[in-house]
Each structure stands twice: as structure tokens, then as C-alpha cells.
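One structure is given here, and the rest of the page talks about it.
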């Protein structure tokens with residue numbers, strides 16, 4: 001992805017996305033294996049995940065069966081308060 005911090009990405013609209021990828025084992029195509037992918041991405045199009053899946057189909061022997069995606073916005077604008085400081089005195 002980029003060299004930006006997770007906070008900077010979240011402020012740009014990225015959220016933590018997790019994909020459960022089921023794929024066929026190359027030597028035993030009737031068996032499925034699970035791979036879990038996680039990165040910061042933008043819903044609902046998930047361009048980072050789509051680039052990864054494009055790479056998978058080009059470079060990995062295991063044929064994709066299905067992909068289940070969940071995403072969670074970790075911070076929201078309402079949770080960010082500029083200039084607020086708690087005093088514990």
C-alpha cells in the first residue's frame with residue numbers, strides 16, 4: 001500500500017478491511033483452503049483488495065472459490081476533536 005500512517009489513511013476515508021478468501025487447492029481441487037487478507041481499503045469498491053485478487057488470479061495456482069469481505073471504520077469525524085486536551089489534575 002502506501003507509506004502513510006493508519007491514522008492518515010483513515011482520515012482519507014480508508015477503513016480496515018478483512019477478506020476471507022476460499023480457494024481450491026491446486027493438487028486437490030475438490031478441497032478448499034482459507035486465506036485471510038487484511039489491509040486498509042475504501043468501501044464499497046475495495047480497490048486495494050481488487051488489486052490483490054487480480055494478482056492472485058495471475059500469479060497463484062489456487063483457483064478462487066469465494067471472497068467474503070467485512071470492513072470497519074475505526075474512527076469517525078465525530079470522534080476526532082482538534083485541540084481537546086484532558087487534564088488529569
(request) Report, by residue number, each residue of segment 25-45 that is in contact (Cβ under 8 Å) with a residue 24 or more places away in the chain, out of contact with any strand residue (DSSP E or B) (no Cβ under 6 Å at 6 or more places or on another chain) and outside any strand (DSSP E or B). (result) 26, 29, 42
(request) State whether one or more residues within segment 73-80 are touching a strand residue (DSSP E or B) at 6+ places or on another chain (Cβ under 8 Å), surrounded by 11 or more Cβ atoms within 10 Å (Cβ to Cβ) and modelled with pLDDT of 95 or more. (result) no
(message) Condition check: outside any loop (DSSP other than H, G, I, E, B), closer than 26 Å to residue 3 by Cβ and modelled with pLDDT of 95 or more. Does residue 22 satisfy that?
(response) no
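The values are calculated or read from the model by the stated rules, or taken from the named source; none is laboratory data. All of these numbers come straight from a predicted model, not from anything done at the bench. Note that we place each Cβ from the backbone using ideal geometry, even for glycine, and neighbour counts take in every protein chain shown.
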